[in-house]
Amino acid sequence: IGCVETDVLPQGGLVSHPLPPQLLISKRSPGERAAGHAQFDPGSINLQLAEGEPTSFRLVHRSIFKADGPRPVARLDIPVGLKARRTQVKSGSIPGAERYHYQDEIYQIDLIDQSFGLNKKIIMLLDDRGSDLAQSSVVWRRTEFLQPMPDRVVLGPRAVRVFLLCPDEEIELTKVRSTPTGVKAVITSPREVTIRLSEGAPRILDDVVEVETTAEGRPPLRIPVVRYSPSSQSEARTPSPSASGG
């Protein structure tokens with residue numbers, strides 16, 4: 001039903017590229033027919049966000065209906081973590097198909113959910129009976145101010161290099177604050193720490209390594225570390241005192 005260009009804040013202009021009337025009239029799914037051609041544009045939003053970054057985007061609900069018929073009734077169902085505000089309504093006849101009219105309802109959607117990691121929300125368009133007519137998915141990944149890469153370390157026979165990701169390039173690692181039993185962490189450069197298994201490492205491990213940084217008022221960098229090793233592999237990978245001495 002057309003293509004809409006959207007911008008994450010700061011918002012740019014909303015540009016609509018209408019498709020030929022023949023497509024608007026003939027390419028109808030059962031859901032569109034039931035809703036009088038109800039559709040979201042865009043159908044999905046993908047965002048990469050930093051800690052505390054405010055984000056808004058525009059969503060267009062377009063409906064197409066016969067000029068001499070009733071306008072379809074539909075409402076937005078906004079999930080927790082998002083906030084919607086209708087900013088504009090456009091309507092008119094479709095060039096070359098005057099028997100059909102369109103109505104565009106333009107919304108500003110604010111993402112207020114500050115959850116870290118990978119998240120997904122679904123905005124739904126419902127008819128007057130509560131049936132689902134259309135959906136638009138919102139997927140985002142929000143990273144903390146201090147973020148390790150990789151974000152999870154699987155410990156094995158080899159050491160793993162972990163890098164500090166931070167939007168402030170002046171922030172550096174200063175001191176290893178804590179490590180689980182059987183895990184050794186060494187700062188090898190201002191933004192890199194090397195983590196390896198050491199003597200006495202348990203076969204099953206799910207813990208964190210904490211490393212202090214120069215970021216004032218911030219908690220330490222937390223690096224999740226995990227390990228699962230059968231006893232035979234554990235004995236092979238973690239040398240005993242007698243073996244290391246001989």
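Each value in this text was obtained by applying a stated rule to the coordinates, not by laboratory testing. Since this is a predicted model, take the numbers as computed values, not measurements. Cβ atoms come from the backbone with ideal geometry, glycine included; neighbour counts cover every protein chain shown.
Per 10 Å bin from zero, what fraction in whole % of the C-alpha pairs of region 127-168 is there, up to the bin with the longest pair?
Histogram of Cα-Cα distances, whole percents per bin: 20, 27, 18, 14, 15, 5, 0.
Tell me the net charge near residue 91. Cut-off is 12 Å between Cβ atoms, residue 91 excluded, with +1 for each Lys or Arg and -1 for each Asp or Glu.
It works out to a net charge of +1.
For a footprinting-style exposure proxy, rank 106, 204 by other Cβ within 10 Å, fewest first.
204, 106
Based on the Cβ-Cβ distance of residue 51 and residue 87, what FRET efficiency does E = 1/(1 + (r/R0)^6) give at R0 = 30 Å, to the nearest 0.05?
On the way: r = 28 Å, r/R0 = 0.92.
That pair, residue 51 with residue 87, gives E of 0.60.
Treating cross-link reach as a plain straight distance, find the lysines whose alpha-carbon is under 22 Å from the alpha-carbon of residue 66, omitting any fewer than eight places away in the same chain.
Result set, ordered by chain and number: 27, 90.
So how do 105, 170, 199 line up by other beta-carbon neighbours within 10 Å, fewest first?
Values: 105 17, 170 8, 199 12.
By the 10 Å Cβ count, ascending: 170, 199, 105.
Grab the other residues whose beta carbon is less than 12 angstrom from that of residue 206, score K and R as +1, D and E as -1, and report the net.
+2
With Cβ to Cβ distances under 12 Å as the rule, what net charge do the other residues near residue 175 carry (K, R +1; D, E -1)?
Local charge sum for residue 175: -2.
State the extension gain, in nm to one decimal, for the chain segment bounded by residue 44 and residue 122, taking 0.36 nm per residue of separation less the distance between their alpha-carbons.
27.2 nm
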